[in-house]
Amino acid sequence: MITREAMLRVFLTAITIICLRLAGVSGVNIIDGTVAVPHSRPYIAFLIITKERQLEMCGGFLIYPNVILTAAHCKGKAITVILGAHYHSKNEKSQQRIPVQKMITHEAYNDMTLENDIMILKLQFNATITKEVKTIRLPSEDDHFGPGTTCLVAGWGLTSFPGNSSNVLREVAVKIKEHCNSASEICARGIDKKGTCYGDSGGPLVCPGRNNIPTAVGIVSYMNRENCEDSHGSDMYVNVPAYLKWIKSKIGVSCSG
Ligand SMILES: *[C@@H]1O[C@H](CO)[C@@H](O)[C@H](O)[C@H]1NC(C)=O
Ligand SMILES: *[C@@H]1O[C@H](CO)[C@@H](O)[C@H](O)[C@H]1NC(C)=O
C-alpha cells in the first residue's frame, strides 16, 4: 500500500510532465466520461494559471458574480478565469474572460498533504449573468450528502493516462463512497475507472441538493490511487460543507466590492 505522501509525490510529478507535454496548459481530466451538453454547467470556470515557467490549467466554479471557488493547489502568480466556455480554446461568443484580482488560499492549506485544499478567487469585475454563465448553489448547513449519493464531476482534464487534456468540457457520474470520508474530505468514484484526472483539479462535485437543485458539494483535490485509470482507490474532494464558515468569512464584507 502506498502512503499518502508517496501518492502525492506521484500526483505532483505527473502534473509537471503533463504541463510540459501540453506546452501551455496544465492541473486533474475526466476518465471514461462523456462530452457535456454545451453550457449545461454554466457555473464551471476554466482557469489559466501563470506559474514560473509555464501555464497550467484547472477548473473552478462561480459562487457569486465576482467569486470563484477552486483548489488551493491551483494557485499561481496570476490567474485568468474563462466563464461560459465549452470548447475552451475557441473564441466562443458565450465566453467571458476575467482576470483574478485576489487569491485567498486557506490559512491551513498544506501543499504536501493537500489538507484544506481550498481557494477563493476574487474577480477584477463581476461576471455578467447569462444563459451560459451562472452561479451554483453552495450547500446549506443542514443538507446531507451521504455515501451512495450519485453526483457529477466535470472538467477539461486528461481523458486517458497517459494522454491529452480535452478541448471540450467532459463529465462523469461518481458515487460518494463509505469509510474514506472525513470531516474535511469526501471520496467518490464512478464505476470501474470512471473519475477525474490531471487538469480537473478545482472543479466542483455537483450533487442534487434540496429540491434537486444542483449543489457544489466538493472540490476536485487529488487522487488516492496510482494513476487516473487505476480502477482502485478514490478521487478525493474538499468537503465544501465543512468550509462554509470560512468561505463566508472571506467574502462576507467585500463581495460587493
Ligand atoms: C496526444 O496528442 C498528440 C498531439 O495531438 C497525439 O500525437 C497523441 O497521439 C495524443 N495522445 C493520446 C494518448 O491520445
Ligand atoms: C457584483 O456582485 C456582487 C455579488 O457578488 C454584488 O453585491 C455587487 O453589487 C455587484 N457589483 C456590481 C457593480 O454589479
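Here are a few things to note about the model shown:
- Condition check for PRO139: within 16 Å of ligand 1 (Cβ to nearest atom) and either modelled with pLDDT of 95 or more or assigned to a loop (DSSP other than H, G, I, E, B) (or both): no
- Residue match in region 240-248 (condition: under 16 Å from LYS175 (Cβ atoms) and surrounded by fewer than 24 Cβ atoms within 10 Å (Cβ to Cβ)): no
- Close pairs from region 64-81: first part of a loop (DSSP other than H, G, I, E, B), partner among the basic types (Lys, Arg) and modelled with pLDDT under 95, Cβ under 7 Å, at least 6 apart: GLY76/LYS51; LYS77/LYS51
- Among (1) of a type outside the set (Ser, Thr, Tyr); (2) under 15 Å from the mean Cα position of the chain (by Cα); (3) assigned to a loop (DSSP other than H, G, I, E, B); (4) closer than 25 Å to ASP143 by Cα - the single one CYS187 does not satisfy: (3)
- Lone qualifier among ILE129, ILE118 - being under 19 Å from TYR237 (Cα atoms), out of contact with any Cys (no Cβ under 9 Å at 6 or more places or on another chain) and at pLDDT 95 or above: ILE118
- Candidate set: region 118-133, residues that are surrounded by 17 or more Cβ atoms within 10 Å (Cβ to Cβ) and part of a loop (DSSP other than H, G, I, E, B); chosen: the one nearest to ligand 2 (Cβ to nearest atom): ALA127
- Some residue of region 245-257 being outside any strand (DSSP E or B), closer than 30 Å to SER166 by Cβ and away from ligand 2 (no atom under 16 Å from the Cβ): no
Residue by residue, here is whether (1) at pLDDT below 85; (2) of a type in the set (D, E, K, R); (3) within 18 Å of TRP156 (Cβ to Cβ) holds:
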position: ARG9; (1), (2), (3): yes, yes, no
position: ASN29; (1), (2), (3): yes, no, yes
position: ASP32; (1), (2), (3): yes, yes, yes
position: PHE46; (1), (2), (3): no, no, yes
position: GLY59; (1), (2), (3): no, no, yes
position: LYS75; (1), (2), (3): no, yes, no
position: ASN91; (1), (2), (3): no, no, yes
position: SER94; (1), (2), (3): no, no, yes
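- A single entry from THR149, THR159 fulfils the requirement of being among the β-branched types (Val, Ile, Thr), away from ligand 1 (no atom under 16 Å from the Cβ) and either more than 18 Å from ILE247 (Cα to Cα) or surrounded by fewer than 17 Cβ atoms within 10 Å (Cβ to Cβ) (or both): THR149.
The values are calculated or read from the model by the stated rules, or taken from the named source; none is laboratory data. Predicted, not measured: the structure shown is a model, and the values here were computed from it. In this analysis, Cβ positions are derived from the backbone assuming ideal geometry, glycine residues included, and neighbour counts consider all displayed protein chains.
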